[in-house]
4 protein chains.
Amino acid sequence: MSSAAPPPARRTGRPRSAEADRAILDATRAALVELGWGKLTLGDVATRAGVAKTTLYRRWAGKNELVVDAVAALFDEHLELPDRGSLRADIEGVVLQFASLLERPETRTALMAVVAESTRDDALRRRIRSAIVDRQKSLVLLGRARAQARGELPHEPDPASAARNADLIFDVIAGAVVHRTLVSAEPVDDEWARGFTALLVGGLTATYGRP
Amino acid sequence: MSSAAPPPARRTGRPRSAEADRAILDATRAALVELGWGKLTLGDVATRAGVAKTTLYRRWAGKNELVVDAVAALFDEHLELPDRGSLRADIEGVVLQFASLLERPETRTALMAVVAESTRDDALRRRIRSAIVDRQKSLVLLGRARAQARGELPHEPDPASAARNADLIFDVIAGAVVHRTLVSAEPVDDEWARGFTALLVGGLTATYGRP
Amino acid sequence: MSSAAPPPARRTGRPRSAEADRAILDATRAALVELGWGKLTLGDVATRAGVAKTTLYRRWAGKNELVVDAVAALFDEHLELPDRGSLRADIEGVVLQFASLLERPETRTALMAVVAESTRDDALRRRIRSAIVDRQKSLVLLGRARAQARGELPHEPDPASAARNADLIFDVIAGAVVHRTLVSAEPVDDEWARGFTALLVGGLTATYGRP
Amino acid sequence: MSSAAPPPARRTGRPRSAEADRAILDATRAALVELGWGKLTLGDVATRAGVAKTTLYRRWAGKNELVVDAVAALFDEHLELPDRGSLRADIEGVVLQFASLLERPETRTALMAVVAESTRDDALRRRIRSAIVDRQKSLVLLGRARAQARGELPHEPDPASAARNADLIFDVIAGAVVHRTLVSAEPVDDEWARGFTALLVGGLTATYGRP
DNA sequence: ATGTAACCGAGACGGTACGTCGGGTCTTATC
DNA sequence: GATAAGACCCGACGTACCGTCTCGGTTACAT
């Protein structure tokens, strides 16, 4: 979150305006909605935020970093996993929740763009991972733990294997929703979510069995 | 793959150099590998191809269209589905094949970028779909047909439902591979492919049953 | 004159617009009048000229070079030395002429500024010399030749000494007018010109004698 | 020389550091030598002086005022007119003295620059006049008084005419030296000084006669 | 053989955004 | 209340690409 390179702690000089950060991130999201990634310019963001361009560059290294932070805030606010009582219901819930996030124009246009840039920029990839991806993945871990508590899935004694399986499930869920939404450009509605969940739960049950 | 809007048919005047097309697409791929999407400039592509910028703009409307065509050629050449004898083997094959395509730097960096742009540009989305997505999807259809012929999957009498299922399977496969490769940034190796295939085949079998 | 680095002669590509040069120099003079040297910005000049900033930078290396050329044109147009019949009248004429040039706001504000910059930039000094200073100096040479032809001044057999004397007279005339106008900030009117000319002609006559 | 508007007298609070003034002016001169007028930045001056930018702006209104004061100090220290026994020797002395001042890089680069700015800023012109020009002019007045005392020049009964003549001589001397040094960019050496003095004294004698 | 229409390279054109820099102002904590 | 530090707003800088537009020249088909 927050700045790319937060000066570890300064003691002298005028402190950075906390409000500027907020205004910039808000302006970034607004500009993304209106203009999309390609037309987004930092000068315009600064103007919208009522802030000088210098202020913006003092806090973020560039467009990518700024947009990651701006979008990450949405993932913070809108991703949660209430216990819906069954593995199936939990998966459907998370699929629909993630899909609704991807239907927002600011995430649609920004997420793939920063992922594309991250293929050439390790620092950006780490930033995306910690700001966005890990937040999503924690839902998978939570969902699995609940399913195991309910007895819907077996406990996995080998931690390495457990991590691999969680990663796999995460890539399948997130990947399928992203691909459906952005590449196939079809809506993730209740029907699709039901079909996808049936397939996944079937696979999980068939593969790992019931305890 | 060539141009977006090939002039319907000319009869007189100097014909377009066929070699220029090839040189431009080659240069585009080379530049993508070296510079990535963000730093790719059409002027540079033209220089590399030994071609004037005008020539390039005469054939493609812009960066997006050019890159889609340049990358699509790779999908043409490298996607096929030899019959490996079983549904499981066919899926593993297609997963590994698609992953090896995504491991090329030119596809890594280009695919997500054009998808990101396509969220705001319907013409680009259609171009991507016809040039790239549909090529991949046809493999899914082929694989299912083979599995049905082998008796591994039931025939689906309702064509609408059949199409829905094919779309779902396609999004799951392609999405999982893309997400694993580009977002999670982990390799799609034999082990992962086996695990993923087991999950998917388990789901298919559990959901649609055996005939 | 003209461009700083005129490509010796190109044969291919679109030729440079001759009108752009003119429009830029006109706009530079207009902006100098309105804003003065300090507030003059190249972006504004480009806008006034209806020209892109790039076009301007393609032809001139910076503010200094541009302004030298813009001002030099005025020296071309407004410096001449009609034969007024006597050394005294010729000197008075050239003094008033030079003074009226320095009373234009564009020359007032620009000339000293570029001279100041030239103290740290040899290329700029050479440019100023060839574009402005040498034009003025030629008037001194012409005036002396006429005076010698009239018998008002002796012929100088030693060319080195003749050059030294011309330089001295030039520095005295130009320096006095510039200093009066810009440093003392007092007008060079007929009275001052008469007094100055009397002093100078007296000095010349006393020093070099009549033939 | 210090600030333009020295606060009339403060009684409370921390007193201004007297050393800061000196450090700032020294730093200004040093920066002028290294960077020239155009590249001189107030932030850099503050850093060199070990002083905050705020402190600098509390004492001077801007770059022009600061530089005028910094350079004026040099005119204070280095301009004087010892009695050399004759008008001719006094003039040669003042010419060489002024020239040696103009050969310092800090004066070369600064003087013309502030003069250029002063063409659009009356307050600056007055500041230059009182800080620099009047100091020089007083030498002319002193020299004339001595020459009159020696009987080399006649007394001028009309005070207005006397002032006009002093102004003229001043513009001729200062203008010629400045022009030779900065515009013609040739050195003012003993030979030039002799030639110039001969011309000027000849003119004075011829014009005003001996008493 | 000669038009002639469309191609080609080169490169200038009007633009837009970039990321940086300097100018002055302000807000802190410290002296 | 002056100071050092440094963030702030502002606006210009010079550069890089964009996509378009002349240029002078080159092909290759249709007379």
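Points worth noting:
- Residues in the stretch A:169-183 carry Karplus couplings, in order, of 4, 4, 5, 5, 5, 4, x, 5, 5, 4, 5, 4, 6, 9, 8 Hz; the curve used is 6.51 cos²θ - 1.76 cosθ + 1.60 with θ = phi - 60°, and Gly or Pro positions show x.
- Candidate cross-link partners of B:Lys63 among the lysines, defined by an alpha-carbon separation under 18 Å and a same-chain spacing of 8 or more, comprise A:Lys39, B:Lys39, B:Lys53.
- Nearest-to-axis residue of chain D, judged by beta-carbon position, where the axis maps D onto B, in Å: D:Lys39, 16
- Averaged over A:193-199, number of beta-carbon atoms from partner chains that fall within 10 Å: 4
- Extension reserve of the C:Glu19-C:Arg120 stretch, reckoned as 0.36 nm per residue once the Cα distance is removed: 33.1 nm
- Averaged over the residues of A:179-191, the number of partner chain Cβ atoms lying within 10 Å of the residue Cβ comes to 5.
- Each other copy places its own label point for A:Arg164 at 3.5, 9.7, 10.6 nm from this one, sorted shortest first, where the point lies 7 Å along the Cα-to-beta carbon line.
- Solvent-accessible surface of protein heavy atoms, probed at 1.4 angstrom with all chains present, puts B:Leu74, D:Leu141 in the order D:Leu141, B:Leu74, largest first.
- A simple charge model with +1 on the Cβ of Lys and Arg, -1 on the Cβ of Asp and Glu and nothing else charged puts the dipole of chain C at about 900 debye relative to its Cα centre.
- Shielding by other protein chains, C:45-51, mean Cβ within 10 Å: 0
- Most mobile of C:Thr109, C:Thr47, C:Thr28 in a GNM of chain C (Cα contacts under 10 Å): C:Thr47
- Computed over the Cα atoms of the stretch C:1-111, pair by distinct pair, the Kirkwood hydrodynamic radius stands at 15.5 angstrom.
- Here the Karplus relation 6.51 cos²θ - 1.76 cosθ + 1.60, evaluated at θ = phi - 60°, turns the backbone of the stretch A:124-129 into coupling constants of 5, 4, 4, 4, 4, 4 Hz, with x for every Gly and Pro.
- Taking the stretch A:53-159 and dividing mean pair separation by its residue count, relative contact order in percent (alpha carbons under 8 Å, at least six apart): 35
- Spin-label model distance (nm) - C:Tyr208 vs C:Lys39, 7 Å beyond Cα toward Cβ: 4.6
- Summary value for chain B: 22 percent relative contact order, contacts being C-alpha pairs under 8 angstrom separated by 6+ residues.
- Rounded, prolate or oblate (a/c below 1.5 giving rounded, otherwise prolate when a/b exceeds b/c) for the stretch A:126-211 by Cα gyration tensor: oblate
- With all protein chains kept in place, the per residue accessible area of chain D amounts to 44 square angstrom at a probe of 1.4 angstrom.
- Once each of the trypsin sites (Lys or Arg not before Pro) sitting in a DSSP loop with at most 10 other beta-carbon atoms within 10 Å is removed, chain B keeps B:12-211 as its longest stretch.
- Buried accessible area, chains D and C (both chains, 1.4 Å probe, Å² to nearest 100): 3700
- Mean Cα-pair separation over length for the stretch A:18-64, i.e. relative contact order, pairs under 8 Å, 6 or more apart, %: 39
- Ranking C:Ala174, C:Ala149, C:Val114 by Cα position along the charge dipole of the stretch C:106-211, where only Lys, Arg, Asp and Glu carry charges on their C-beta atoms, puts C:Ala149 farthest toward the positive end.
- In a simple Cβ point-charge model (Lys, Arg +1; Asp, Glu -1; nothing else charged), the protein assembly as shown has a dipole of about 220 debye relative to its Cα centre.
- Coupling constants for the stretch D:79-90 follow from the phi torsions by the Karplus curve (6.51 cos²θ - 1.76 cosθ + 1.60, θ = phi - 60°), and in residue order they are 10, 7, 9, x, 6, 9, x, 8, 4, 4, 5, 5 Hz; glycine and proline get x.
- The protein assembly as shown, accessible surface, carbon-and-sulfur percent (1.4 angstrom probe): 52
- When chain C is treated as a GNM with alpha-carbon contacts under 10 Å, the residue of C:Ala52, C:Ala110, C:Ala70 showing the greatest mean-square fluctuation is C:Ala52.
- Heavy atoms of A:Asp83: accessible area, 1.4 Å probe, square angstrom to 10: 90
The values are calculated or read from the model by the stated rules, or taken from the named source; none is laboratory data. What you see is a predicted model; the values in this text were computed from it and never measured. Heads up, the Cβs are rebuilt from the backbone with ideal geometry, glycines too, and the neighbour counts pull from every protein chain shown. Just the protein is used for accessible areas: all its heavy atoms, side chains included, with ligands, DNA and RNA removed. Shrake-Rupley method; radii C 1.70, N 1.55, O 1.52, S 1.80 Å.
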